[in-house]
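Novice: Sharing a structure here in structure tokens format.
Since every read-out is calculated from the coordinates, none of them should be taken as a lab result. From a predicted model like this one, the values you see are computed outputs, not experimental measurements. Methodologically, a virtual Cβ is constructed for each residue, glycine included, from the backbone with ideal geometry; neighbour enumeration extends over all protein chains shown.
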Amino acid sequence: MFGNPMTGFDYEELLDRARDRIPEGISQRSRWTMPEPDIMIEGSQTILRNFSDVVDAMDRDSNHVYQYLLNELGTSGTREQSRIMLKGRVPPKRIKEKLVSYVKTYILCNQCRAPDTRFIKEDRTTLLKCQACGATRPVRL
Ligand SMILES: [Zn+2]
């Protein structure tokens, strides 16, 4: 239930927990995975080497994900083609937690938990609209 006690943190399991309320019919269609973040600490910076792969799986604007990570981690960084470099030594666990919280905040439908969602604009509000069940909820971008 609580992941591997040896690592104390299981990325896949956190994602699974976020998905575990997906009704069966929908979960069959929307089984999805995100690549495990490939994180390396080098000197005084932390490199997320497969950032673009992770973002591709999320199907979100890469710059939004990048800015979210910087804000949440309270650091600055630079982007290269497929990877990002964060200033400071950021524990990989924290980066993974922030990616999971991004998924919960900006991707998963809070009604049926499906990840098939997209942003729509309504007046000045941005809504997250679920393609699976049609539910919407406001999101702050
Ligand atoms: Zn839904």
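Novice: Around residue 120, with a cut-off of 13 angstrom between Cβ atoms, what is the net charge of the other residues, counting Lys and Arg +1 and Asp and Glu -1?
Specialist: +3
Novice: Continuing with this model, one more query. Treating cross-link reach as a plain straight distance, find the aspartates and glutamates whose alpha-carbon is under 12 Å from the alpha-carbon of residue 98, omitting any fewer than eight places away in the same chain.
Specialist: The qualifying aspartates and glutamates are 72.
Novice: Take 89, 140, 83 and order them by how many other Cβ atoms sit within 10 Å, fewest up front.
Specialist: Exposure proxy ranking, most exposed first: 140, 89, 83.
Novice: May I ask you to list the lysines whose Cα is less than 17 Å away from that of residue 121, ignoring any residue fewer than eight positions away on the same chain?
Specialist: The reachable lysines, counting only those whose Cα sits under 17 Å from residue 121, are 129.
Novice: Tell me the Kirkwood radius of the stretch 71-141: reciprocal of the mean inverse pair distance over distinct alpha-carbon atoms, in Å.
Specialist: Result for the stretch 71-141 stands at 14.0 Å.
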